[in-house]
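This report concerns only the one structure given below.
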Amino acid sequence: MVATNATVVGSGPNGLAAAITLARSGIDVRVIEGAETIGGGTRTAELTLPGFRHDVCSAIHPLAMASTFFAGVPLTEHGVRWIEPPFAVAHPLDDGSAGHVERSFDATADALGVDAGAYRRLVGHAVDNWQVISDAVMAPLLTIPRNPFTLARFGLPATAPAAPLARRAFKTPRGQALFAGLAAHSIVPLTRPLTASFGVVLAATAHIVGWPFPAEGSDRIATALRSYLVEELGGSVETGRWIDALSAIDTDLALLDVTPRQFLSMSPSGLPTRVERSYRRFRYGPGIFKVDYALDGPVPWTAEECRSAGTVHVGGTLDEITDAEGAVGRGEHPERPFVLVAQQSLFDDTRAPEGKHTLWAYCHVPTGSDVDMTERIDTQIERFAPGFRDLVLDRHVMNSAAVHAHNPNYIGGDISGGSQSGLQSVFRPRLSTDPYSTGIPGVYLCSSSTPPGAGVHGMCGFHAANSALVASVKR
Ligand SMILES: Cc1cc2nc3c(=O)[nH]c(=O)nc-3n(C[C@H](O)[C@H](O)[C@H](O)COP(=O)(O)OP(=O)(O)OC[C@H]3O[C@@H](n4cnc5c(N)ncnc54)[C@H](O)[C@@H]3O)c2cc1C
């Protein structure tokens, strides 16, 4: 029976991508979102004071730019205006210097001085072969790669743990720290295999597609996707309705923008035992602690580079970042956490009243943590921007429990939809030629618990919908 209608549960970027992909194939699609607003990890809200618009979850969007799904959606026509700061990221050190990554590969490498060659060797292959690598990274490992040698040349160094690789490859603390900060986006201790791949791929995205963000807020991505789905493709979106049981869905197809644990709680009848076992074994990663600031002025970074960067990695040296992420991996709270900072209002005056600024910051913490990391995050920022504390007008904080309460997909504050360590970084949520299928005919997972994993790129939803479409024709 060829499917004619579908329900997508959850309106995160992957849920909306799945809905759009299905609707484009002529399927009658409705999206059901439990929260009062759409968007999942792409929401923006006045979390602190009136007129200060904070990205509640995602802020910076290299993965959206690298996504073939997003490339095919008329986001601009539906209200997204991308802003790309001069520098994608800066990484300050105690001596007042900073490493940075900008769009130009050569300028980035040259700014690293004696480490220019090391940067070229580590990141250059991915930059030169971006399409091959991005196709592989953005898809499930289902097929034999078309360019196995190109991939192998990327894969060998990328499978390494980031910390020893950075120590070996770079001579200066600046080069080492810059790479460590990029790799730490994995939320995996930097002594573990595969963490280098996060650093290489993220650096390459900065050169190929940039690290932009949408004017007015990340929620513009969600509203554009909804607008395209509803206005042009005839889909519908309902908010404020939680789906607790799979039996509540009566359409030919059900695509669920949820993680395996949530799926199991929906009493899915007919779930094959081997799939159930895999879902029960699915591992969740550490949580996060987030602070959103309303500021009386821009952050007074000592290093000039930080004032031109959309993202600032605040964590000091390679050793410090390795220690901080290692502590989180052991279930401890680092005294000096690695803090990811985004400063959208420097480049987007819609984010705060005139002369004022927002600041978005979070660090990694053990799963489910209720420890207040505000003081440690403040101290880390103040360390590289003396006078920062005096500018704070208001703060909004979310510990891991609050992050989970905000979005049930963030189990224990895990923002990646499941740990990205080891084989689970590629084979998620289970080892299968169709990782989206639950084994129940017509029922699929489409969240970031599926390949290619975390981030706002919609590719999990896109692949899940295609998998459902192919199977529906075969049935
Ligand atoms: C603090 C933070 C910072 C981040 N920063 C970035 C960043 O800068 N760049 C980036 O690319 N990514 C970032 N991410 C990650 C990114 O937001 C996620 O990877 C992405 O949103 C995952 O999309 P998704 O569609 O799989 O799930 P989600 O975005 O989590 O959406 C799932 C949706 O499903 C709904 N839902 C769940 N269960 C049900 C149910 N039973 N019934 C109805 N509705 C349900 C939820 O309410 C939610 O709206 C960040 C995340 C967080 C939390």
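The values are calculated or read from the model by the stated rules, or taken from the named source; none is laboratory data. Please read these numbers as outputs of a predicted model, since none were measured by experiment. Here the Cβ is made from the backbone with ideal geometry for all residues, glycine too, and neighbour counts use every protein chain on show. With ligands, DNA and RNA removed, areas are computed over all heavy atoms of the protein, side chains included. Shrake-Rupley method; radii C 1.70, N 1.55, O 1.52, S 1.80 Å.
Relative to the Cα centre, what is the charge dipole magnitude of region 347-447, using +1 at the beta carbon of each Lys and Arg, -1 at the beta carbon of each Asp and Glu, and rounding to the nearest 20 debye?
Working: 8 positive and 12 negative charges, 73 e Å.
Here the size comes out at about 340 debye.
The angle between the Cα long axis of helix 459-474 and the longest principal axis of the Cα atoms of the chain comes to about 20 degrees, rounded to the nearest 10.
Return a whole-number percent for the relative contact order of the chain, with Cα pairs under 8 Å and 6 or more residues apart as the contact set. Let's see the in-between values first.
Values: 1135 pairs, mean separation 122.1, N = 475.
About 26 percent, as a whole number.
Charging the Cβ of each Asp and Glu at -1 and of each Lys and Arg at +1, and nothing else, the dipole of region 374-414 about its Cα centre rounds to 40 debye. Think of each Lys and Arg Cβ as +1 and each Asp and Glu Cβ as -1; about the Cα centre, that makes the dipole of the chain roughly 1780 debye.
Across the accessible surface of region 222-343, with the other protein chains kept in place and a 1.4 Å probe, carbon and sulfur atoms take up 42 percent. Summary of packing: across the peptides 174-181, 93-100, the per-residue average of other C-beta atoms within 10 Å ranks them, highest first, as 174-181, 93-100.
What Kirkwood radius, in Å to one decimal, follows from the Cα pairs of region 314-427? Averaging 1/r across every pair of different Cα atoms and inverting gives 15.6 Å. Surface composition of region 362-437: carbon plus sulfur atoms contribute 55% of the solvent-accessible area (1.4 Å probe, protein chains only, all chains present).
Dipole of region 1-153 computed with +1 at Lys/Arg Cβ and -1 at Asp/Glu Cβ about the Cα centre; of Gly96, Thr42, Met138, farthest Cα towards the positive end is Met138. Protection proxy ranking, highest mean first, for peptides 38-50, 365-377: 38-50, 365-377, where packing is the per-residue count of other beta-carbon atoms within 10 Å, averaged. Counting only alpha carbon atoms, the long axis of helix 318-329 and the longest principal axis of the chain meet at about 40°. Taking a ≥ b ≥ c as the square roots of the eigenvalues of the Cα gyration tensor, an a/c ratio of 1.5 or more together with a/b no larger than b/c marks region 218-371 as oblate. Computed on the Cα atoms alone, the convex hull of region 170-263 gives a volume of 200 cubic angstrom per residue.
Counting only protein chains, not ligands or nucleic acids, how are Glu216, Glu33, Glu304 ordered by accessible area (probe 1.4 Å), most first?
Values: Glu216 75, Glu33 15, Glu304 120 Å².
From most accessible down to least: Glu304, Glu216, Glu33.
So what does the Cα-only Debye profile of the chain read at q = 0.05, 0.11 Å⁻¹, as log10 I(q)/I(0), no solvent term? Relative scattering, expressed as log10 I(q)/I(0), comes to -0.17, -0.85. Considering only Thr322, Ser247, Val341, the residue lying farthest towards the positive end of the dipole of region 239-357 is Ser247, judged by Cα position with unit charges set on Cβ.
Volume per residue for region 218-283 equals 127 cubic angstrom (convex hull of Cα atoms).
Dipole of the chain (Lys/Arg Cβ +1, Asp/Glu Cβ -1, origin at the Cα centre): which of Val426, His404, Met266 lies farthest to the positive side? Result: Val426, furthest along the dipole toward the positive end. What region 374-475 shows is 34 Å² of accessible area per residue, with the surface traced by a 1.4 Å probe over protein heavy atoms.
Rounded to two decimal places and with Rh computed the Kirkwood way over Cα pairs, what is Rg over Rh for region 1-127? Don't skip to the answer; put the middle values down first.
Working: Rg = 20.3 Å, Rh = 18.4 Å.
Radius of gyration relative to Kirkwood radius: 1.10.
The portion of the accessible surface of region 52-131 made up by carbon and sulfur, rounded to a whole percent, is 53 (1.4 Å probe; DNA, RNA and ligands excluded). For region 65-138, the solvent-accessible area works out to 41 Å² per residue, with a probe of 1.4 Å and every protein chain left in place. Compared with the dominant Cα axis of the chain, that is its longest principal axis, helix 195-208 is turned about 90°. Take every DSSP beta bridge whose two residues both sit in the chain, then give the antiparallel share in percent to the nearest 5. In the chain, approximately 65 percent of DSSP beta bridges are antiparallel ones.
Quick one: which of 460-471, 383-394, 322-333 comes out on top by average Cβ neighbours within 10 Å, and what's the full order, highest first? Let's see the in-between values first.
Values: 460-471: 24.2, 383-394: 16.0, 322-333: 19.7.
So the peptides 460-471, 383-394, 322-333, ranked by packing, come out 460-471, 322-333, 383-394.
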